[in-house]
Amino acid sequence: MIEFGKYTLKYEPPSDTPEDHSVTMTISSEATLFQMLEFFQSFLRAAGYEFDGKELCLERSAPDFSDVPDKWNFGVV
């Protein structure tokens, strides 16, 4: 079987804190984008982040450029 690598996320607390746990998670580089998103969400939860009932998601909307300053116009009329 050919292995294409893996992604590893790791949290190590500062050495001067009473926190004594670390988190290391690994996933195959063959994971789909949605699997990667679930993996990252699980990693953040394991590291102590809370989402207050919300989930991370992929947003497929176009960026809003309506607030781009006029100085970025570069002479376009």
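Coordinate-derived values only; no laboratory data. In this text, all values refer to a predicted model and were calculated from it rather than measured experimentally. Note that we place each Cβ from the backbone using ideal geometry, even for glycine, and neighbour counts take in every protein chain shown.
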Here the stretch 28-45 yields Karplus 3J(HN,Hα) values (6.51, -1.76, 1.60; θ = phi - 60°; whole Hz; Gly and Pro given as x) of 5, 5, 8, 5, 6, 4, 5, 5, 5, 5, 5, 4, 5, 4, 5, 4, 4, 5
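What full-extension length gain, to one decimal in nm, is calculated for Thr17 and Glu55 as 0.36 nm per residue of separation minus the Cα-Cα distance? Before the final figure, lay out each step's value.
Values: separation 38, 0.36 × 38 = 13.68 nm, distance 2.94 nm.
Length difference between fully extended and current span is 10.7 nm.
If you take every residue apart from Glu55 with its C-beta less than 14 Å away from the C-beta of Glu55, what net charge results, scoring Lys and Arg +1 and Asp and Glu -1?
Details: positive: Arg45, Lys54; negative: Glu38, Glu50, Asp52, Glu59.
Residues close to Glu55 contribute a combined charge of -2.
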Residue by residue through the stretch 10-27, the couplings from Karplus 6.51 cos²θ - 1.76 cosθ + 1.60 with θ = phi - 60°, in Hz, x for Gly and Pro, are 9, 10, 10, x, x, 5, 9, 10, x, 4, 10, 10, 10, 10, 9, 10, 10, 9
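Out of the stretch 1-33, which chymotrypsin sites (Phe, Trp or Tyr not before Pro) are coil in DSSP terms and have no more than 15 other C-beta atoms within 10 Å? Could the numbers behind the result be given before it?
Numbers: sites: Phe4, Tyr7, Tyr11; in loops: Phe4.
Answer in residue order: Phe4.
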